[in-house]
Amino acid sequence: WFSSQQSKVSPLEFMLCVQERSKLRFRVDKQGDPVEFLTWLLNTLHFDLTGGKPTKRKSIITRTLQGEMVVTEVDGSGADVDGGKRTVPFLMLALDLPPAPLFKDTFEKNIIPQVSIFHLLNKFDGSQVHEIIKPRSIRRKYQITKLPPYLLLWTKRFTKNNFFREKNPTIVTFPMKHFQPLGEHFPGLEASSVAKASQFNLVANICHEGPPDGGRYKSHQLNFNAASTSSADGSSEWFEVEDLSVKEVRPEVVAISEMYCQIYERQ
């Protein structure tokens, strides 16, 4: 994308290159969806790094971000379909949020539910059946068998219909350190005690604030240089980035944000 003689690239240069390479799908003057952008960026980088042969070659993208899962198709009774089991790679894991409540509390305010990230990860324990309506009705089970060095998670917070865009306000609770995504309830990793015991630390968090059709995206980034020498309250470990605004934030602010996308690093 850039000359090999360049040691640094400015954010504007990078975004102008993205704007041209994506054929104006992502623009400098317009806020875009970070999950859509990250998906496009990773796939495009991998395609270019492999010389246009993404399925036959590996790159730094797949070596650091790619895990594996077993996808099994099941019939109406819940039994596995013959020949319906296959191993597929993944770069990001999509987490399904529970439906937002329709009723208000006694103060006439919408109730904002909370859910643990461990509960959302149960989707990949190999026992829960999920139905996909489009393009055709399919029932599937997902079972993680390999974790990557860097784990990317995102929540399906936004939905679209023929009239408007909706946002699920559910707060996802998550650990910021010593996170073990897979536990004893994941049968796909019975033979891999190392994978079960793998611990991850949060290094980046993207959240959304405001209404679904507008609002703004913010990112929280771990300061690796200060993480080991931070103050007692951890206030110097995290930075909040929004466009050109960069400021220090406390870990508590990161933990209560409306998490949209996260990156965890394996320890």
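Scanning the range 186-235 for residues that are more than 22 Å from M176 (Cβ to Cβ), at pLDDT below 80 and either open to solvent by 50 Å² or more (accessible area, probe 1.4 Å) or acidic (D, E) (or both) gives P187, E190, A191, S193, V194.
In the range 129-137, is there at least one residue being out of contact with any Ser or Thr (no Cβ under 6 Å at 6 or more places or on another chain), at pLDDT 90 or above and open to solvent by 40 Å² or more (accessible area, probe 1.4 Å)? Checked against the condition, which is being out of contact with any Ser or Thr (no Cβ under 6 Å at 6 or more places or on another chain), at pLDDT 90 or above and open to solvent by 40 Å² or more (accessible area, probe 1.4 Å), the range 129-137 yields no hits at all.
Return the total of residues in the range 42-89 being among the acidic types (D, E) and either touching a His at 6+ places or on another chain (Cβ under 6 Å) or not in a strand (DSSP E or B) (or both).
Adding up the residues that qualify gives 2.
Within the range 7-46, the set of residues being in contact (Cβ under 8 Å) with a residue 40 or more places away in the chain, β-branched (V, I, T) and open to solvent by 50 Å² or more (accessible area, probe 1.4 Å) comprises just one member, T39. Considering every residue within the range 157-178, establish whether at least one is at pLDDT 90 or above, under 20 Å from L97 (Cα atoms) and in a helix (DSSP H, G or I). No. Residues of the range 57-91 that are open to solvent by less than 80 Å² (accessible area, probe 1.4 Å) and of a type in the set (V, I, T): I61, T62, T64, V70, V71, T72, V74, V81, V88.
The values are calculated or read from the model by the stated rules, or taken from the named source; none is laboratory data. These numbers come from a predicted model, not from an experiment. Cβ atoms come from the backbone with ideal geometry, glycine included; neighbour counts cover every protein chain shown. Ligands, DNA and RNA are excluded from the accessible area calculation, which covers all protein heavy atoms including side chains. Shrake-Rupley method; radii C 1.70, N 1.55, O 1.52, S 1.80 Å.
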